[in-house]
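K.L.:
If you scroll down you'll find the structure; I have some questions about it.
The values are calculated or read from the model by the stated rules, or taken from the named source; none is laboratory data. Keep in mind that what you see is a predicted model, and the values were worked out from it rather than measured. In this analysis, Cβ positions are derived from the backbone assuming ideal geometry, glycine residues included, and neighbour counts consider all displayed protein chains. These area figures cover heavy atoms from the full protein model, side chains too; ligands, DNA and RNA do not enter into them. Shrake-Rupley method; radii C 1.70, N 1.55, O 1.52, S 1.80 Å.
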Amino acid sequence: MVGINTVLEFYQADVHLLNLAFRSVLSTYWYQRLRGYDAGLWDSSKIKSVGHTYTLPKSSQSTQQTKAILAKLCEKVSIRLRKKSLCSHGIYLSLRYQSGASHNQHLSFAQGVFDSGDIFKLASRLLDRFPKLPVRNLSITCFKLSSHNSLQLCLFEPVERKLDLNLSLD
């Protein structure tokens, strides 16, 4: 790599040498990152989605069993959302059937959700649209994430109280 063979040589290389090696804007990013500046290229602090997948040992024949598994997945996802102080404005549901075929749909909404019951209600609404076939794999993902602080207060439902209750249960 253009005279760079060790980690120390990589660290000591100037921008020009890194430019010869990478031939792209990555050389500047690496140069800055190696000297302690945040180049912003690998910003992993912004979480884009939270999800969970489950593969059944045997294909589920009943909608009731599929919904029971979905409820567990919603609980796991909601706990992870709350641990990160996030709420979701979208849900993606995917099923893979015994035949190998798959079906997926998503739903976006204005009011953020973080409660497993709310997530389950929305995911169940999506599940009801799916073909009633033996399910082999079930996956749910929450996307369009935002901070709990950005939750819009609701006139008829005490959002803060619900959040406090869920956080204490976690």
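K.L.:
Out of Gln105, Gln32, Gln98, Gln111, which single residue is under 30 Å from Ile4 (Cα atoms) and either surrounded by 15 or more Cβ atoms within 10 Å (Cβ to Cβ) or within 21 Å of the chain's Cα centre (by Cα) (or both)?
P.N.:
Working: Gln105 fails: under 30 Å from Ile4 (Cα atoms); Gln98 fails: under 30 Å from Ile4 (Cα atoms); Gln111 fails: under 30 Å from Ile4 (Cα atoms).
One residue alone meets the criteria, Gln32.
K.L.:
Restricting to the range 54-99, name every residue that is touching a residue at least 24 places away in the same chain (Cβ under 8 Å) and among the small types (Gly, Ala, Ser).
P.N.:
So the first thing to find is which residues in the range 54-99 are touching a residue at least 24 places away in the same chain (Cβ under 8 Å), and the list is 54-56, 59-61, 63, 66-67, 69-71, 73-99.
The answer is Ser59, Ser60, Ala71, Ser78, Ser85, Ser88, Gly90, Ser94, Ser99.
K.L.:
I'd like the full set of residues that are touching a residue at least 40 places away in the same chain (Cβ under 8 Å), in a loop (DSSP other than H, G, I, E, B), open to solvent by less than 50 Å² (accessible area, probe 1.4 Å) and under 20 Å from Ser59 (Cα atoms), limited to the range 114-140.
P.N.:
The one that is touching a residue at least 40 places away in the same chain (Cβ under 8 Å), in a loop (DSSP other than H, G, I, E, B), open to solvent by less than 50 Å² (accessible area, probe 1.4 Å) and under 20 Å from Ser59 (Cα atoms): Pro134.
K.L.:
Do we have any residue at all in the range 34-45 that's at pLDDT below 95, closer than 23 Å to Asp115 by Cβ and not hydroxyl-bearing (Ser, Thr, Tyr)? So that I can check it myself, show each step before the final result.
P.N.:
First pass over the range 34-45, keeping only residues at pLDDT below 95: 34-45.
Then keep just the ones that are closer than 23 Å to Asp115 by Cβ; that gives none.
Looking for residues that are at pLDDT below 95, closer than 23 Å to Asp115 by Cβ and not hydroxyl-bearing (Ser, Thr, Tyr), one finds none in the range 34-45, hence no.
K.L.:
Within the range 7-28, can you find the residues that are assigned to a loop (DSSP other than H, G, I, E, B) and open to solvent by 70 Å² or more (accessible area, probe 1.4 Å)? Lay out the reasoning, then the answer.
P.N.:
Initial filter on the range 7-28 (assigned to a loop (DSSP other than H, G, I, E, B)): 13-14, 23-25.
Correct list: Asp14, Arg23, Val25.
K.L.:
So, in the range 141-154, of the ones that are buried (at least 17 other Cβ atoms within 10 Å of the Cβ) and modelled with pLDDT under 90, which residue ends up nearest to Ser85 (Cα to Cα)?
P.N.:
His148
K.L.:
Among the residues of the range 63-94, write down those that are open to solvent by 30 Å² or more (accessible area, probe 1.4 Å) and outside any helix (DSSP H, G or I).
P.N.:
Lys84, Ser85, His89, Tyr92 - these are the residues of the range 63-94 that are open to solvent by 30 Å² or more (accessible area, probe 1.4 Å) and outside any helix (DSSP H, G or I).
K.L.:
For the range 70-97, enumerate the residues that are of a type in the set (A, V, I, L, M, F, W, C) and at pLDDT below 95.
P.N.:
Listed by number, the residues that qualify are Ile79, Leu81, Leu86, Cys87.
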